Every structure is written in structure tokens, then in C-alpha cells.
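S.K.: Below is the structure I would like to discuss, written out as C-alpha cells.
The values are calculated or read from the model by the stated rules, or taken from the named source; none is laboratory data. All figures in this text were calculated on a predicted structure; none of them were measured in a lab. Cβ sites come from the backbone with ideal geometry, for glycine too, and all protein chains shown count toward neighbours.
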Amino acid sequence: MNFKRLEDEKEYHFIWRVYSHMVQNGNITTEQAGEICNTELRLDFDESRHRKIYESFIKVWNQVKEEYITEESLLEQLEDIEEKKNELFKEKVKAKDWTREKRSTLRNEARVEQIKESFKDAYTNSEETHISKYTDKHIGELTGALLLSDFHVGIEIQNYWNTFNTKVFQERLQIIVHKVMKQAKRLNIGTLYVLSLGDLISGSIHATTRLAEEIDVLDQVMFVAKAMKSVLVELSDFGLNIKYVSVVGNHGRLNKIWKEHIEKESFNKIVDWYILDKIEDGVLNIEFINNEIDDGIGHFVINGNDCFMVHGHQDNANTVLTNLMMATGIVPKYIFMGHYHNKNTFTKGNSKVFINGSLVGVDEYAKDKRYFTPPSQSLIVFDEEDIIDIELSL
């Protein structure tokens, strides 16, 4: 028995240690135990003082054992151990979830890298879309808005109502450009807002869409990007002051699983990137209007009037005005939409909603919705308070 007081050992603990040794071993007397305590603790008490402290400890300890160290308490300890095991299991599950999420992230990053490489190839290999060029320079005063949407480039259609492929797309786009120039001359249009309302490509979000694809998604993107650039070049060279605005649609989304899709992750943004790149290179002399609200909500001003544009896959035509007003606090004069493949115009209060037709024409979606209208796009002309709504039929 080491009868030296340990470093930082409390007084009561030392007393308990000495008297416990006396009781358990019997090789020292109570008087000797008292002397040891006085010496090491530098005290001058009667031996009984230290012994009573020890006996008080023992009394309390016996009460604790009698009241708490029971079969029931053992069960409670087992329950506590079980609870801790459950917590440990939860932590293991969390660790597995984290590992799975990390692996998913790494897979997605690898997929993005693969997309980037494929995109470079598509960018290099895709052909330019050329539209016949007007050489005379037009001068006008009024403002117009050209609604372009639902090209669905890449899909092949052959049904009772429609034939569509990349060749037909080019022909239809050329007709649209010529009709816009004709109307610009006739109606004195000088500034033209080109509104890219989404679904420029077929994409790969539906199995039926993928089966009907003429070219893969990346080639679709570059094909339509160069086609859009050519349209903007032609209209700008013609003499129109072009302002370009774009929103994402649903067919351009990267992730075909709708619930896992992030709206801003859209192939449509590659088209916009391409247009911006051509502006920076000096190929395009136009104004690019960025979306300050959201990738799916375009906001701009025509003749002092607030305008919104959306694709339409997240909006109901009857409630889009109220929803956008509540979301932004802005009361628009005009709202432009695509998606429905069926041209329509209606007024709600002091606001007017324009729904564009489709360039692709009757596809599976339009057929299911019973929209058997011919392919078309829209040209809206603003002459002070008067509005000229032109359906550019194809």
C-alpha cells in the first residue's frame, strides 16, 4: 500500500483509500490509519474524524447499491446500451449515405466531363446553317417581338398531319426569317426582340422522343445553336436592331428524371453561351438581355412596359399572370409563352398573354393534346397603344 498522497488527490479520496486498505487487508490499525492521514494531509485531528468520513462514504455507497443496483436498473442499462447501438447504427447509415452521395457526385462529375468532351466534338463537327442573305439595309421605327419556340430539333416525324426532320427545320426557319423581313418593311419595324422561349431541341427526356431522334442530343444543341446564330446574323444584317432574350424549357434538361432535375442545368444554356461567344467575337452585332430573376423567367421592357417570358412547362396559361406578379411584385403589360404548341392570345385585366405556336408542328405531344394546328411562330408589333399580332404560318 502506497501511503503517500498522490498529486492532485483530493483529501476525502485519500482518506477513503487509506481506510479501505485497512478494512480489506487488516495490516494497520485505526490509530495508524489516522496518523497516516494527519501526516500526509498535514492535519491534526483525532483518528475518529477520518474514520467517520470513511464510514459516511460507505453508508452512502451501500444505499446507492441497495436502491439502484437492482435487476431493473440492469435492464435499464441494457436499454441504454441498445439505444446507443441504435445511434451507432444510424451513424453507420449516415456514413453509407454520404459515401453513396459522394460516389454519385463523382459519377456526375465524370458524366459532365464526358459531356464537355462530346460537346467539343459536336462543336467542331457540326455544320453551319445558312439562310439566304438580304443585302439592303432596312430602317424602321416601331418595335416588334419575334417569338421562337418548340423547334424540337433532332426529332423525326412522319404522320398524317406533319413531316419534320433537320432539313424541314432549316426550310421552315428560312421561311420565318423571310416573313419577318417582309413584315418589318411593311410595318416599319426597327427594333426586334427575339424571344427564345425554349424547347429548341428534342432532347432525351422521353423514351418516345429518343426513339424518334434523327441526331443525338449534343449534335442537336450545336445544330440549333448555329441555326439560331444564322437567324440573328441575317436579321441584324438586314438592318434590324436585335435584342435577344432566352429562357430554358423542359426538353433541354440534362437529367431526364424530372424529380432529380435542376432547372438551370439545361442544354438550352449552351445555345445561349454560343450566341454570347459570337457577340464577343464580333460575329453578332446584337444585344443579349440576361435573366436577372431566374433562368426560366425572362424580364425586359418594351416601350416602357414590363414584359415577362416563360417557356410554359411550369405555368398554367390562366394563372401565369397572377403567379408572376406575386413572385416578383411586377405587374407586366405583356407575357410571352411557348410549350403549348397552339397559338393563342388573350387579355387579363390590363395585361395580355401571347402563347406561341410550334415550329415542329404536330408531334406526339400535340397529337395527344389534340392540337392539330399547322406549325407557326409569332411576330408581335407594338405601335403605341395598338398591337399587331401576326401568326407566321408554315
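S.K.: Taking the condition of a type in the set (V, I, T), modelled with pLDDT of 95 or more, over 24 Å from K182 (Cβ atoms) and in a loop (DSSP other than H, G, I, E, B), does I335 pass? Let's see the steps before the verdict.
M.R.: Values: of a type in the set (V, I, T): yes; modelled with pLDDT of 95 or more: yes; over 24 Å from K182 (Cβ atoms): yes; in a loop (DSSP other than H, G, I, E, B): no.
When the stated conditions are applied, I335 does not pass them.
S.K.: Further question: Taking V168, is it assigned to a helix (DSSP H, G or I), touching a helix residue (DSSP H, G or I) at 6+ places or on another chain (Cβ under 8 Å) and at pLDDT 70 or above?
M.R.: Details: assigned to a helix (DSSP H, G or I): yes; touching a helix residue (DSSP H, G or I) at 6+ places or on another chain (Cβ under 8 Å): no; at pLDDT 70 or above: yes.
Here the answer is no, as V168 does not meet what is asked.
S.K.: Would you check which residues across region 367-379 are touching a residue at least 12 places away in the same chain (Cβ under 8 Å) and either in a loop (DSSP other than H, G, I, E, B) or under 14 Å from S149 (Cα atoms) (or both) and list them?
M.R.: Here is the first cut: in region 367-379, the ones touching a residue at least 12 places away in the same chain (Cβ under 8 Å) are 367, 369, 371-379.
Answer for region 367-379, where residues must be touching a residue at least 12 places away in the same chain (Cβ under 8 Å) and either in a loop (DSSP other than H, G, I, E, B) or under 14 Å from S149 (Cα atoms) (or both): K369, Y371, F372, T373, P374, P375, S376, Q377, S378, L379.
S.K.: Say we look at region 1-35 and pick out the residues that are assigned to a loop (DSSP other than H, G, I, E, B) and among the aliphatic types (A, V, I, L, M); which of these is surrounded by the fewest Cβ atoms within 10 Å (Cβ to Cβ)? Write out each step before concluding.
M.R.: Narrowing region 1-35 to residues assigned to a loop (DSSP other than H, G, I, E, B): 1-10, 26-29.
Filter again for among the aliphatic types (A, V, I, L, M), leaving 1, 6, 28.
Numbers: M1: 13, L6: 11, I28: 17.
Taking the candidates together, the pick is L6.
S.K.: Does K278 satisfy the condition of being outside any strand (DSSP E or B) and either among the hydroxyl-bearing types (S, T, Y) or under 19 Å from N241 (Cβ atoms) (or both)? Please lay out each step first, then the result.
M.R.: Numbers: outside any strand (DSSP E or B): yes; either among the hydroxyl-bearing types (S, T, Y) or under 19 Å from N241 (Cβ atoms) (or both): yes.
It is true that K278 is outside any strand (DSSP E or B) and either among the hydroxyl-bearing types (S, T, Y) or under 19 Å from N241 (Cβ atoms) (or both).
S.K.: Are there any pairs, at least 6 apart or on different chains, whose C-beta atoms fall under 7 Å, with the first in region 28-46 and more than 11 Å from I15 (Cα to Cα) and the second of a type in the set (K, R) and surrounded by 15 or more Cβ atoms within 10 Å (Cβ to Cβ), and if so, which?
M.R.: Final answer for the pair search is T30/R51.
S.K.: Just to be sure I understand, how many residues within region 303-327 are at negative phi and touching a Phe, Trp or Tyr at 6+ places or on another chain (Cβ under 6 Å)?
M.R.: Residues of region 303-327 that are at negative phi, as a first pass: 305-311, 313-327.
If we keep only those that are touching a Phe, Trp or Tyr at 6+ places or on another chain (Cβ under 6 Å) as well, we get 307, 309, 324.
The total comes to 3.
S.K.: For region 301-332, which residues satisfy the criterion of being in a strand (DSSP E or B) and within 23 Å of the chain's Cα centre (by Cα)?
M.R.: Going through region 301-332, the residues in a strand (DSSP E or B) turn out to be 301-302, 305-310.
Residues satisfying the conditions are F308, M309, V310.
S.K.: Further, regarding this structure: Across region 270-326, which residue is surrounded by the most Cβ atoms within 10 Å (Cβ to Cβ) among those that are β-branched (V, I, T) and under 16 Å from K352 (Cβ atoms)?
M.R.: Keep residues of region 270-326 that are β-branched (V, I, T), which gives 270-271, 275, 279, 283, 286, 289, 293, 297, 301-302, 310, 319-320, 322.
Now restrict to residues that are under 16 Å from K352 (Cβ atoms): 301-302, 310, 319-320, 322.
Details: V301: 12, I302: 17, V310: 24, T319: 11, V320: 21, T322: 13.
Taking the candidates together, the pick is V310.
S.K.: Mind checking whether some residue in region 282-298 is outside any strand (DSSP E or B), under 26 Å from I175 (Cβ atoms), among the polar types (S, T, N, Q) and assigned by TED's automatic domain parsing to the domain that holds S202?
M.R.: So in region 282-298, the residues outside any strand (DSSP E or B) come out as 282-286, 290-293, 295-296.
Narrowing further to those that are under 26 Å from I175 (Cβ atoms): 283-286.
Retained after the next criterion (residues that are among the polar types (S, T, N, Q)): 285.
Now drop any that are not assigned by TED's automatic domain parsing to the domain that holds S202, which leaves 285.
Looking for residues that are outside any strand (DSSP E or B), under 26 Å from I175 (Cβ atoms), among the polar types (S, T, N, Q) and assigned by TED's automatic domain parsing to the domain that holds S202, one finds at least one in region 282-298, hence yes.
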